[in-house]
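**Q** Submitted below is the structure of interest, expressed as structure tokens.
The values are calculated or read from the model by the stated rules, or taken from the named source; none is laboratory data. All figures in this text were calculated on a predicted structure; none of them were measured in a lab. Neighbour counts are summed over all protein chains in view; Cβ atoms, including those assigned to glycine, are modelled from backbone coordinates with ideal geometry.
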Amino acid sequence: QLTAEENVNNSYVQRMALVLGRRVWENAGAPEVDPRRLAVSIGTGMGGIEELLFAYEHLRADRLDEVCPTAVQQYAPSGPASTVAVERGARAGVLAPVSACASGSEGLAQAWRHIVLGDADIAICGGVEARIEAVPIAGFAQMRIVMSTNNDDPAGACRPFDRDRDGFVFGEGGALLVIETEAHAKARGANILGRLMGASITSDGFHMVAPDPNG
């Protein structure tokens with residue numbers, strides 16, 4: 001699904017966004033749309049941050065020539081959204097929400113707002129997150145929120161909805177959608193799979209990782 005050049009010049013999350021973007025666009029019927037009315041909104045927690053570490057290691061070893069020319073685009077959180085936007089020629093805006101675990105949901109919400117405000121008729125939106133790496137695992141472990149007291153029981157190690165909730169499971173992946181105005185969808189004869197009735201973005205303003213106990 002990806003060419004050798006695409007594999008070299010794009011980070012893991014960019015490649016994920018490219019593949020998902022192509023699949024979701026095909027699923028939407030590969031519509032012919034006005035690029036001036038097409039937006040992209042793809043959130044990510046960290047982007048391709050591992051590419052920054054790789055480049056730094058090359059520099060430390062005095063190997064400047066091994067730093068990829070697209071390193072900046074690869075580690076920037078805007079990379080996944082920009083990559084999809086360039087492939088589709090989207091000109092109605094490229095959004096890249098960065099809000100930790102809520103990044104993908106906010107990507108969807110921001111796309112909905114963009115359409116409701118009249119800035120676009122159709123958008124590719126959602127979120128992607130990078131592969132599991134040692135540094136994030138170490139950081140969460142230092143916060144004492146990764147390790148479970150039930151590690152010897154994998155099936156019960158993570159209990160998010162238990163009275164004695166415990167454990168934290170790392171994951172990677174992504175999900176993208178194509179959303180558009182109802183008028184735009186009907187005009188092109190789209191197979192409408194659902195309706196997004198609204199979206200809202202809020203914050204606790206309480207703690208960096210702990211939820212407000214008062215809701």
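**Q** What are the pairs, 6+ residues apart or on separate chains, where a residue within region 10-30 that is of a type in the set (Val, Ile, Thr) has its Cβ under 8 Å from a residue that is assigned to a helix (DSSP H, G or I)?
**A** These pairs meet every condition: 13/79; 13/80.
**Q** Does region 75-106 hold any residues that are at pLDDT 95 or above, in contact with a helix residue (DSSP H, G or I) (Cβ under 8 Å, 6 or more places away or on another chain) and not in a loop (DSSP other than H, G, I, E, B), and which are they?
**A** Selection gives 79, 80, 81, 82, 83, 84, 87, 88, 94, 95.
**Q** Further question on the same structure: All but one of (1) touching a Phe, Trp or Tyr at 6+ places or on another chain (Cβ under 9 Å); (2) among the hydrophobic types (A, V, I, L, M, F, W, C); (3) without any contact (Cβ under 8 Å) to a residue 24 or more places away in the chain hold for residue 68; which doesn't?
**A** All conditions are met except number (3).
**Q** Taking region 1-35 as the search range and keeping residues that are surrounded by 12 or more Cβ atoms within 10 Å (Cβ to Cβ), over 14 Å from the mean Cα position of the chain (by Cα) and among the charged types (D, E, K, R), which one is farthest from residue 189 (Cα to Cα)?
**A** Going through the qualifying residues, I end up with 6.
**Q** For the structure I just gave you, tell me whether residue 161 is part of a loop (DSSP other than H, G, I, E, B), modelled with pLDDT under 95 and surrounded by 13 or more Cβ atoms within 10 Å (Cβ to Cβ).
**A** For residue 161, the condition - part of a loop (DSSP other than H, G, I, E, B), modelled with pLDDT under 95 and surrounded by 13 or more Cβ atoms within 10 Å (Cβ to Cβ) - is not met.
**Q** Is it fair to say residue 172 is modelled with pLDDT of 85 or more, within 18 Å of residue 46 (Cα to Cα) and surrounded by fewer than 21 Cβ atoms within 10 Å (Cβ to Cβ)?
**A** When the stated conditions are applied, residue 172 passes them.
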